[in-house]
Amino acid sequence: MTTTRPLELQVCRQCKAVQYPVREVCRNCLGAELITEPVDDRGSVLSWTRLHASLEPEFRDRLPLLVASIHLDAGPVVLARWNGSEPAIGQPATVAMSDNHRPLLVATQAGVESND
């Protein structure tokens, strides 16, 4: 079972743009003061794929894995392991951070709790 915590991403102190992936300067204003803080976890599915192979031993017993590209309401597009049955393009989703693996985002259908 994967335990999750609220979604935290880099946010620019100057313009408040949310950054993903991690950056050294803001993609919007080139500001150098980026802090990690909770952001809106809601978004929608842009695309998804099913992975049948992994070079990472910790994921091999979970194959096949669904991976989704989620456009967050906060701005950026993130890649996350999809928890549940096949998502639909445009489907509302929520994204959280996994506590079980190194930095990994986990997405589920909006309104459904992660149970994997």
(message) Output wanted: per-residue J couplings in Hz (rounded whole) for region 43-56, from phi through Karplus 6.51 cos²θ - 1.76 cosθ + 1.60, θ = phi - 60°, x for Gly and Pro.
(response) x, 9, 6, 8, 7, 7, 8, 10, 8, 10, 9, 8, 7, 8
(request) For region 1-64, calculate the relative contact order in percent as a whole number, restricting contacts to Cα pairs under 8 Å that are 6 or more residues apart. (result) 26
(request) Using 0.36 nm per residue of separation minus the Cα-Cα distance, give me the extension gain between residue 62 and residue 86 in nm, one decimal. (result) 7.1 nm
(request) Return the tail of the calculated pair distribution for region 19-98, meaning the percent of Cα-Cα pairs more than 21 Å apart. (result) 39
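Coordinate-derived values only; no laboratory data. Remember, predicted model here, so these are calculated numbers, not experimental data.
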